[in-house]
Structures are given as structure tokens and as C-alpha cells.
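*Asks:* Encoded as C-alpha cells, here's the structure I'll be asking about.
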Amino acid sequence: EKGGYDHFMLKEIYEQPKSIADCLRGRLDAKSGRLVLGGLRDYMNKFQNAERIIITACGTSWHAGLVAEYLFEEFARVPVEVEYASEFRYRNPVVGEKDFVIAISQSGETADTLAAIELAKSKGATIFGVCNVVGSSIPRTTHAGSYTHAGPEIGVASTKAFTAQISVLAMMALKLGYQRGTLPESKYIQLLHELEAIPGKVEQALKTNDAIKYIAEEYKNVRNALYLGRGYNFPVALEGALKLKEISYIHAEGYPAAEMKHGPIALIDEEMPVFFIATKDSSYEKVVSNIQEVKARKGKVIAVVTEGDTQVKAIADHVIEVPATHEAFAPLVAVVPLQLLSYHIAVMRGCNVDQPRNLAKSVTVE
Ligand code: M6R
């Protein structure tokens, strides 16, 4: 049932071109400008008139929520807050009828996320679920929702669920921006085309596998790692670090690249690998400066870059090239090499990739 792969995680990483396409199928048709999310239909009014969007989730799903914050704010100009469900539920949060709450969960069973939903619901908010497991507890508790349709995810490390979550959230943001008039039609159509092209670009990104194995071999024995990115790629840095720590047990931290000089830079020496997500986007030049700062302190730089990049290539120790896309969708492509990297490092270290120690696939206790 692993379909010829050694582990479920690797199978699920490789399924992403298909799982993202499955997620978009029947919902998005760029040519005709069609974008329909069945679950939104009855709640479009609430969504459109919401004064604020609150996103609540845990772990990798929370990282998808962070990407969504950038998407919703950029395209729909609605204020967004992204909350760890475990903090939200216990903090007596300010939440009410004008809030549209999006709960993200692969399993649909995460105890803290469920409790956060119950709380927001009791205060009158509209609750929308973005879940993978059909018929699980969260979709049964929410007012409405959209399934991610990524198929069963068995590996404890979430991979294809993450990219499917971002795909649903991206569709929601484009729809909302278009309906609210903050996203002009021509730009909207262009973005629909970009999103539709993502499965093919993820397929391309998977071809970095051999290069990544080589990098994994070189860094498999490190004790610490830093992951840095800006803008849409900041949550990708967090996700890259989480993937590495949970399956290979290497201590890793993700940061917005600019925060480096507020502390983490002290960690950098010739032993420290720093993984940059440095794709061509509006913060590219700033990221290049951050890479130079790391090199000046003799850190090792491994960077995910856009195909054809020359600037980062000239200074980094290793680069991994992924296809160009609109920066809003870069996380869908840029996360793939980081998933592969964690996978290979964990395998080389003899770790139980699909069932890392101390972790469960769904966290049904708080
Ligand atoms: O099923 P959920 O998406 O609600 O799970 C949330 C987290 O427990 C989950 O993403 C966890 O962080 C994963 N092990 C990450 O790979």
C-alpha cells in the first residue's frame, strides 16, 4: 500500500501534483474564470461582510493559516489573525458575530482546534472548516467548510495535507478578493491561471530529489539548523524547520529572515547550516542581503531559489531550483524540497520516518 515507496511520507510527498490537482478539480477553471467552493455558497454573505477573519489551527495546519493571512490580506484586504488553537481557547478572546473563523485541520480531530471552534461558535462567530478527513469531528461541528481532498495522509509528518490546505485557502482568498472588488478581474484571472499551473510546477520541484539526497548526506549529522524566509516564504521556513525536527530529531528553528539580527545570528558559525527560501519575489533583494550576512559569519547556506537564479547561486553553498510562480503561491512549490530534505536526512539517520517517537497522527488530547 506504500505504492512502491519505502515510506508513506515519501509516497505522500510525491502525490502532491495529484493531490493539489484533486483539490482544485471541479472548483477552479481558469479559462472560463470559474471558481466555486461548494461549502462557501450559503455563507458567502457572511464571508464577504466579515470584519475580520480569525484562523485557528495547530502545527503544520497553523503554518498553512499563516500563508493564508498573507493571501487574505493581500487580495481581499480583510484583517486576519492566526491563532494557535490551544492559546485561543484559553485566552478569553475577543470574538463575535462579525468574525469569520476558519479552522484548519488535516485529521479533523485535533482536540484544541475543536475546543477553539466551540468557543468561537458560542460567541456567535461563523465557523468554516478546512479539513482533510471526511466526516471527522471538525467538519461536523462547523457551520460550513471545504474539504482538501488530498486523500488519506498516513505519515505523521504532514505533507500533502499542507499543500492542499494552502490550495483551498488560496481559492478562498481569490474568491473573496474578487467578490469584494479588491482584486481586479484581470489580475484575478491571471492568478487563477497561476494556481492551475501549480501541480505541474510541484512535479518539477520533485525532480530536485537527487540533488537533495546529496545535500542531505552532507548535513545529516548536524545538531542544529536555521530556516529563514520572508513574506509568503516565512511560514515555509517554519514548516521546513518543523519537518526536520519532528522526523530527524535535529533541533531546527524557523524565523522571518529579518529577525535573524535580533538574536539567532549569534548562533551562526561554520557548523551552522542555514536554509533560506530565496525565490524571486518582492523581498528577494532583502533575502540576498540576509544570505550575505550569514556568509560573512561563515555559516553554510543552502537556498531554495527560482530556476535561473544567479545572485544567490554566486554566494550560497548549495542551491535547489524550483520553477517560478506568483509569489503568493510560492509556498506550494518551495516547501517540496524541504519536505524531501527532512525525509532523506531522517532516513539516513535511521529514524522511524512515518511514526516518529512521541508523536501521534492526530492529537486528540489537549
Ligand atoms: O490534524 P491536524 O491538522 O489538526 O493536526 C495538527 C498538528 O498536530 C499537525 O499538523 C502536526 O504538527 C504534524 N505532525 C506536523 O507534521
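*Asks:* Hey, could you check region 317-366 for residues that are small (Gly, Ala, Ser) and open to solvent by less than 20 Å² (accessible area, probe 1.4 Å) and say which is farthest from the ligand (Cβ to nearest atom)?
*Replies:* Initial filter on region 317-366 (small (Gly, Ala, Ser)): 324, 328, 330, 334, 342, 346, 350, 360, 362.
From the residues that got through so far, the ones that are open to solvent by less than 20 Å² (accessible area, probe 1.4 Å) too are 328, 330, 334, 342, 346.
Working: 328: 22, 330: 20, 334: 17, 342: 10, 346: 12 Å.
By that ranking, first place goes to 328.
*Asks:* Of everything in region 88-109, what is of a type in the set (D, E, K, R) and within 16 Å of the ligand (Cβ to nearest atom)? Give them in sequence order. Full working, then the answer.
*Replies:* Initial filter on region 88-109 (of a type in the set (D, E, K, R)): 89, 91, 97-99, 109.
Listed by number, the residues that qualify are 89, 109.
*Asks:* Only one of these is of a type in the set (A, V, I, L, M), surrounded by fewer than 23 Cβ atoms within 10 Å (Cβ to Cβ) and under 19 Å from the mean Cα position of the chain (by Cα): 228, 244, 206. Name it. Can you show your working first?
*Replies:* Working: 228 fails: surrounded by fewer than 23 Cβ atoms within 10 Å (Cβ to Cβ); 244 fails: surrounded by fewer than 23 Cβ atoms within 10 Å (Cβ to Cβ).
Being of a type in the set (A, V, I, L, M), surrounded by fewer than 23 Cβ atoms within 10 Å (Cβ to Cβ) and under 19 Å from the mean Cα position of the chain (by Cα) holds for just one of 228, 244, 206, which is 206.
*Asks:* Restricting attention to region 57-66, does a residue exist that is closer than 26 Å to residue 231 by Cβ, in contact with a Phe, Trp or Tyr (Cβ under 6 Å, 6 or more places away or on another chain) and away from the ligand (no atom under 16 Å from the Cβ)?
*Replies:* No, every residue in region 57-66 fails to be closer than 26 Å to residue 231 by Cβ, in contact with a Phe, Trp or Tyr (Cβ under 6 Å, 6 or more places away or on another chain) and away from the ligand (no atom under 16 Å from the Cβ).
*Asks:* Go over the candidates 173, 150 one by one and state the one that is of a type in the set (Gly, Ala, Ser), over 22 Å from residue 281 (Cα atoms), within 19 Å of the chain's Cα centre (by Cα) and crowded, with 24+ Cβ neighbours inside 10 Å.
*Replies:* Working: 173 fails: over 22 Å from residue 281 (Cα atoms).
Exactly one of 173, 150 is of a type in the set (Gly, Ala, Ser), over 22 Å from residue 281 (Cα atoms), within 19 Å of the chain's Cα centre (by Cα) and crowded, with 24+ Cβ neighbours inside 10 Å, namely 150.
*Asks:* A further question on this structure: Looking at 120, 85, 103, 76 in this structure, which one is over 20 Å from the mean Cα position of the chain (by Cα) and closer than 26 Å to residue 239 by Cβ?
*Replies:* Of the residues listed, the single one that is over 20 Å from the mean Cα position of the chain (by Cα) and closer than 26 Å to residue 239 by Cβ is 120.
*Asks:* Filter region 247-262 for residues that are more than 17 Å from residue 66 (Cβ to Cβ) and open to solvent by 40 Å² or more (accessible area, probe 1.4 Å) and give the result.
*Replies:* 249, 251, 261, 262
This table checks each residue for (1) surrounded by fewer than 23 Cβ atoms within 10 Å (Cβ to Cβ); (2) in contact (Cβ under 8 Å) with a residue 40 or more places away in the chain; (3) not in a loop (DSSP other than H, G, I, E, B).
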site	(1), (2), (3)
26	yes, no, no
44	yes, yes, yes
53	no, yes, yes
60	no, yes, yes
63	no, yes, yes
66	yes, yes, yes
70	yes, yes, yes
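*Asks:* Separate question: Having 1 or more residues that are among the β-branched types (Val, Ile, Thr), touching a Gly at 6+ places or on another chain (Cβ under 8 Å) and within 20 Å of residue 159 (Cα to Cα) is the bar; report the strands (runs of 3 or more DSSP E) wholly within region 218-323 that clear it.
*Replies:* By residue number, 273-278.
*Asks:* Give me a count of the residues in region 105-121 that are more than 18 Å from residue 93 (Cα to Cα) and crowded, with 23+ Cβ neighbours inside 10 Å.
*Replies:* Matching residues across region 105-121 total 4.
*Asks:* Taking the criterion of being open to solvent by less than 10 Å² (accessible area, probe 1.4 Å), closer than 28 Å to residue 348 by Cα, of a type in the set (Phe, Trp, Tyr) and modelled with pLDDT of 95 or more, would at least one residue in region 280-296 satisfy it?
*Replies:* There is no residue in region 280-296 that is open to solvent by less than 10 Å² (accessible area, probe 1.4 Å), closer than 28 Å to residue 348 by Cα, of a type in the set (Phe, Trp, Tyr) and modelled with pLDDT of 95 or more.
The values are calculated or read from the model by the stated rules, or taken from the named source; none is laboratory data. This one's a predicted model, so the numbers in the text were calculated from it and none came from an experiment. Positions of Cβ are generated from backbone atoms using ideal geometry, with glycine treated the same way; all protein chains shown enter the neighbour counts. Please note that ligands, DNA and RNA were not included when accessible areas were found on the heavy atoms of the full protein model with its side chains. Shrake-Rupley method; radii C 1.70, N 1.55, O 1.52, S 1.80 Å.
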